[in-house]
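For reference, the structure is listed below as structure tokens.
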Amino acid sequence: METGISSITREVIIGDGHPTALIGERINPAGRKKLQEALKRGDLEMVQREALSQAEAGADILDVSVGTFGVDEVKLLPEAVQLVIETVDLPLCIDSAYPKAMEAALKVYKGKPLVNSVTGEEHSLARVLPLVKDYGAAVIGLVQDDEGIPKNSERRLAITRKIVERAESAGISRRDILIDCLTFAVGADPTSGSIVIDTIRKIKAELGVNLTLGASNVSFGLPDRSLLNKAFVAMAIAAGVTCLIVDVAQVQSAVLAADLIMGRDRRARRYIEAYRQRQTPHEQKE
Amino acid sequence: MAKDLVNTLADLKEKEALGMVQDRLSAGEDPLRILDDARRGVEIVGKRFSDEEYFIPDLVYSGEILKQITDMVKPKLTKAAEVKRLGKVVVGTVAGDIHDIGKDIVVFMLDVTGFEVFDLGIDVPVQKFVDKIKETGSGVVGLSGFLTLAFQSMKDTVGAIEKAGLRNQVKIMIGGGQMDEQVRSFAGADAYGKDAMDAVKLAKGWIRG
């Protein structure tokens, strides 16, 4: 199963035979006061800086979210998307809880974006799937429905079936659906990591869709978060995710190592290249 | 001696703390005093958590130890000696939002510091808040949320409380990932708390009134 996402000049293929695709998570004001303040003022300079630094860190796709209090996303999200498109040539993942804001951003996008996200909730399926279809996008499905997020893998699998069915009957190809199994913090619930790994395996085996994962939440409320995030992404890759939503600079080395170990980095080209870059950081940065 | 249990629990030494409780019960000490020490120990845990010296699993662990102590002490408590509660608080994550970690921590700390807490859970419809306030006569309400969707839900919840004629009877505090003073003002709540210790401080201030 291969999912293609594109900007005007670049295409990223997500799938088993390819390196794990990394979606940069940092253009998102959740939990980031400075970015929240800037977005409230309509100031997109930080967005631009995050776009550049994540591209430089090796992101394949950039998530763009401007959702915070006091922001009119219908107005600001397309502006942010436009600015990021002008700044870097990476494909984008358009991220909003509001279908109207998604649509406004889809209108200005050029290429085939990812939409983040649809859930198994009726209101979401009914409003987001037609947008994905109309604009020829791919979509991230979250394993959540009107009952909430189930704490076991069987029910998460059942929600995935529902999302895939509904998307297909809305005319969206299965290859354009990426499922995010949703990670809870292990600090609060010790079983949340193993549930995700288990769910990834089950969905992969039954439905064959590509899987993404917002991985950073796993370490919430714990010290040395980057260590946990790195261990988790490696395990998720081994279990079958083909795409990750992460702080790219933080976990990329672990992702490259995991890809190499899982046979997704032929002759270790990417792993060794990253190693060389780390050896000569100054020259590379010039 | 009394101080020992407080600090032993605060340092999360489960075996030692439980041993001390057993010894003190065997010596015939007032079970309420033991419980009070245990609570003070967990309050220190909460303080260390808010100072980022402790982490979420430390907090959960202290709750488990406290639960064991409560279970040991309970049979010795006479009805008359039931713990006196400071006041009643209704807490929930507002409609459309399902984040529970912060809310659970607030519930835990309010409970430990002596409040009677009614935890409505997550994705709580506005009417459920209204009904619970009526039913319990609570004087404090805590609204939790993380998503951008929660801003409007908080405003709706405050509005529903007002419409039900209960607004003068309760103080409303909000908290959660993206909440701040601006959201408080938008929602029409009385205060914003940045963490669970803040929530306890606010509730204490209001209930002592």
Legend entry - Dipole axis of the protein assembly as shown (+1 Lys, Arg; -1 Asp, Glu on Cβ), positive-most option in B:F151, B:Y54, B:P125: B:P125
Legend entry - Cα gyration tensor category, rounded, prolate or oblate, for segment A:186-259 with a/c compared to 1.5: oblate
Inset, instruction - Could you work out the mean count of beta carbons from other protein chains within 10 Å of each residue's beta carbon in A:62-75? - result: 2
Inset, instruction - Show which lysines lie in cross-link reach of A:K202 when reach means a straight Cα distance below 25 angstrom and same-chain residues fewer than eight apart are skipped. - result: A:K151, A:K162, A:K230
Legend entry - Per DSSP, loop trypsin sites (Lys or Arg not before Pro) in segment A:110-208 with at most 16 further Cβ within 10 Å: A:K110, A:K151
Legend entry - Residues A:M1 and A:E56, FRET efficiency given R0 of 30 Å [Cβ-Cβ distance, rounded to 0.05]: 0.50
Inset, instruction - Name the shape class, rounded, prolate or oblate, that the alpha-carbon gyration tensor gives for segment B:88-208, where a ≥ b ≥ c are the square roots of its eigenvalues, rounded holds for a/c under 1.5, and otherwise prolate holds if a/b is larger than b/c and oblate otherwise. - result: rounded
Legend entry - Peptide A:257-270, shielding by other chains (average Cβ, 10 Å cutoff): 0
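Add +1 for every Lys or Arg and -1 for every Asp or Glu among the other residues with Cβ under 12 Å from the Cβ of A:A167, and state the total.
Within the 12 Å Cβ shell, the charges total +3.
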Legend entry - Loop-resident sites, segment B:79-155, for GluC sites (Glu not before Pro), counting at most 16 other Cβ within 10 Å (DSSP): B:E82
Inset, instruction - State whether segment A:2-285 is rounded, prolate or oblate according to the following rule on the C-alpha gyration tensor (a ≥ b ≥ c being the square roots of its eigenvalues): a/c under 1.5 gives rounded; otherwise a/b larger than b/c gives prolate, and the remaining case gives oblate. - result: rounded
Legend entry - Sparse-neighbourhood loop sites, trypsin sites (Lys or Arg not before Pro) in segment A:1-88 - DSSP loop, at most 15 other Cβ within 10 angstrom: A:R10, A:R41
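Any read-out appearing in this document is the output of simple, stated calculations on the displayed coordinates, not a laboratory observation. Just so it is clear, the structure is predicted and the values come from calculations on it, not from any experiment. Cβ coordinates were reconstructed from backbone atoms using ideal geometry, including for glycine residues, and neighbour counts include every protein chain displayed.
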